[in-house]
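Accompanying notes for the structure given below.
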Amino acid sequence: MRSHVRTLAFLQLAHGGVLMLISIATVVFFGALSSYVASHERGGADELVPTAPMIAAVGQMFAAIAGVLSIPRIIAGWGLWRLRPWAKTLGLVIATLGLVDFPVGTATGGYTYWVLSHADTRAMFEGGREPPPLPLDYLYPDENPPE
């Protein structure tokens, strides 16, 4: 199960990273779009056309939402990678909230529930017995030296 926890941690980190990149790309795109609209507005000196500021505000709102949603995923991924006990709870909360994010959130949420509810995983996070090593653990000498 250790490999599944590592895979889940990677998925959480990747999903959070992609959301962060989407947030940055949204700021850039909507900033450029609002600049373009501002330079081509048809209002006269007496007429105020607030299209460009509204476009920028909407883009910043979307970027803020994506950025805020990415932070807990990155924290949970790091905690799962390090086998921190609080990461299991955070991972389950994120999985529950992400179930509505079809199809990626639904698949990740189902996988999260499957991995984190397994008996070996519970033992790993509760500080109990370590699950038996994987057959290929000798390839990673930093984590488990060969016996």
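Restricting the search to helices (runs of 4 or more DSSP H) fully inside the stretch 1-107 and requiring at least 1 residues that are over 30 Å from Ala123 (Cα atoms) and under 14 Å from the mean Cα position of the chain (by Cα) gives 2-39, 51-81. Looking only at the stretch 100-124, how many residues end up being surrounded by 16 or more Cβ atoms within 10 Å (Cβ to Cβ), modelled with pLDDT of 85 or more and more than 14 Å from Thr7 (Cβ to Cβ)? Within the stretch 100-124, residues that are surrounded by 16 or more Cβ atoms within 10 Å (Cβ to Cβ), modelled with pLDDT of 85 or more and more than 14 Å from Thr7 (Cβ to Cβ) number 1. Looking only at residues of the stretch 19-38 that are of a type in the set (Val, Ile, Thr) and touching a residue at least 12 places away in the same chain (Cβ under 8 Å), we find that the one that is farthest from Ala63 (Cα to Cα) is Val37.
Tell me, yes or no, whether the stretch 75-87 has at least one residue that is within 14 Å of His15 (Cβ to Cβ), at pLDDT 85 or above and touching a Ser or Thr at 6+ places or on another chain (Cβ under 8 Å). So far as the stretch 75-87 goes, no, none of its residues is within 14 Å of His15 (Cβ to Cβ), at pLDDT 85 or above and touching a Ser or Thr at 6+ places or on another chain (Cβ under 8 Å).
The values are calculated or read from the model by the stated rules, or taken from the named source; none is laboratory data. Not measured: the values here are computed from a predicted model. Every residue, glycine as well, gets a Cβ built from its backbone with ideal geometry; the counts of neighbours run over all protein chains shown.
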